[in-house]
Amino acid sequence: MAGASGFDNSANTLFLQTSLMSRYIAAAERVVSTLMPDATVNPELLSIRKRMMIAYPDRHTTAFEAAEIVVRQLLLRTYRRPSTPDEVQRYLRLFGSVYHVDSGEKGYESAIKQCIQAALISPKFLYRIESDSKFTKPYRINSFELASRLSYFLWASMPDDELLNAAINGDFNHPEVLAKQIGRMVKDSKSDTLGSLFAAQWLGFGLLGNRIRLDPIDNPWCTDSLMQSMRDESALFFVSLVRDNRPIEDLINAPYTFMNEELSREIYGMDSVRGAKMRQVPLNDPRRAGILTHGSLMAI
């Protein structure tokens, strides 16, 4: 639920209900059982297992030494930063409680799966937790916190390997490195969430078709697919401004938009667009320009 800011990721409005925690636990179990089944010949699942199980015990490596290697990589991804010795030891104790029951290869894998499930329901995974500061004035956050802030803003998801490596190298705060990473991330399709999530919450058009909609009996033309296209138009438009580094005034006077056949017919009164795919279309109507004349914004 969005707070006073209008955004549903505001820290002062977030809390975890007991029922939701139960669903997270069930989801973590389902993720592990689905992606890492006891036996599989599926190439994709085998690849996932290989990426997760990066170490096994052998004559040179004990089970706990191998488990520590796996756990450190696991926590780097789930916590989005290097783990502390205390954190690693907590997971190794969990590993040991399962492994001592079956000390074979299957027992080793089962113990690692328990560690993965625990990581997926940890508050340090479910929330973005930054280190406490004793400063009362603005201070520089560390590279890992910056990587997470940037990733969740531009991608609405966790940092990838390249972002984490930049943070590990300690040069993420350098302006040239930061600019290079931002450029790379904006070009990535994952930054589409700048339109579908950020702009949708900022401008409110994400409510269209959910809280805001016409009576379908009296307005059969206002279909679910049309309202989806109306949301997509504004989302794609906003992302195009960011990706193409357009001037801010284009937000209100750009002579183009995005539409498909249904949207162009029902909202714009045009018959030159065919098909369900959204595409950029120039506007020649002086009454139409920028995002304020989008159907989604006018509807809300």
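The values are calculated or read from the model by the stated rules, or taken from the named source; none is laboratory data. Quick caveat, the model's predicted, so the values are computed rather than measured. Cβ atoms come from the backbone with ideal geometry, glycine included; neighbour counts cover every protein chain shown. Side chains are part of the model used for accessible areas, which takes the heavy atoms of the whole protein and leaves out ligands, DNA and RNA. Shrake-Rupley method; radii C 1.70, N 1.55, O 1.52, S 1.80 Å.
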Condition met for S229 (of a type in the set (S, T, N, Q), more than 19 Å from F153 (Cα to Cα) and surrounded by 15 or more Cβ atoms within 10 Å (Cβ to Cβ)): yes
Test: residue in the range 129-146 that is in a loop (DSSP other than H, G, I, E, B), of a type in the set (D, E) and touching a residue at least 12 places away in the same chain (Cβ under 8 Å): yes
One residue from D58, D86 being open to solvent by 80 Å² or more (accessible area, probe 1.4 Å), at negative phi, among the acidic types (D, E) and part of a loop (DSSP other than H, G, I, E, B): D58
Breaking point among (1) closer than 26 Å to I182 by Cβ; (2) part of a helix (DSSP H, G or I); (3) open to solvent by 90 Å² or more (accessible area, probe 1.4 Å), for K106: (1)
When residues of the range 232-249 are limited to those that are out of contact with any Leu (no Cβ under 7 Å at 6 or more places or on another chain), free of Cβ contacts under 8 Å to residues at least 40 places away in the same chain and closer than 15 Å to A289 by Cα, the one surrounded by the fewest Cβ atoms within 10 Å (Cβ to Cβ): I248
Tally of residues being among the basic types (K, R) and assigned to a helix (DSSP H, G or I) across the range 239-256: 1
Any chance A119 is buried (at least 19 other Cβ atoms within 10 Å of the Cβ) and under 16 Å from the mean Cα position of the chain (by Cα): no
Residues of the range 260-297 satisfying the condition of being surrounded by fewer than 17 Cβ atoms within 10 Å (Cβ to Cβ), within 17 Å of A235 (Cβ to Cβ) and touching a helix residue (DSSP H, G or I) at 6+ places or on another chain (Cβ under 8 Å): A276, Q280, L292
Pairs where the first residue, in the range 200-221, is free of Cβ contacts under 8 Å to residues at least 24 places away in the same chain and under 19 Å from S264 (Cβ atoms) and the second is among the charged types (D, E, K, R) and crowded, with 20+ Cβ neighbours inside 10 Å, C-beta under 9 Å, 6+ apart: G209/R231
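For (1) over 19 Å from A55 (Cβ atoms); (2) aliphatic (A, V, I, L, M), each residue gets a yes or a no:
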site: V98; (1), (2): no, yes
site: V101; (1), (2): yes, yes
site: S122; (1), (2): yes, no
site: T136; (1), (2): yes, no
Flag if N173 is without any contact (Cβ under 8 Å) to a residue 60 or more places away in the chain and either open to solvent by 80 Å² or more (accessible area, probe 1.4 Å) or in contact with a strand residue (DSSP E or B) (Cβ under 6 Å, 6 or more places away or on another chain) (or both): no
Checking D38 against (1) surrounded by 13 or more Cβ atoms within 10 Å (Cβ to Cβ); (2) of a type outside the set (S, T, Y); (3) farther than 25 Å from T193 by Cα, the condition it does not meet: (1)
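Residue-wise test of (1) assigned to a strand (DSSP E or B); (2) charged (D, E, K, R); (3) more than 30 Å from the chain's Cα centre (by Cα).
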| site | (1), (2), (3) |
| --- | --- |
| F258 | yes, no, no |
| R265 | no, yes, yes |
| G269 | no, no, yes |
| V273 | no, no, yes |
| A276 | no, no, no |
| V281 | yes, no, no |
| D285 | no, yes, yes |
| R288 | no, yes, yes |
| L292 | no, no, no |
Any hit, the range 205-218, residues being more than 27 Å from the chain's Cα centre (by Cα), loosely packed, with under 14 Cβ neighbours inside 10 Å, basic (K, R) and over 30 Å from D160 (Cα atoms): no
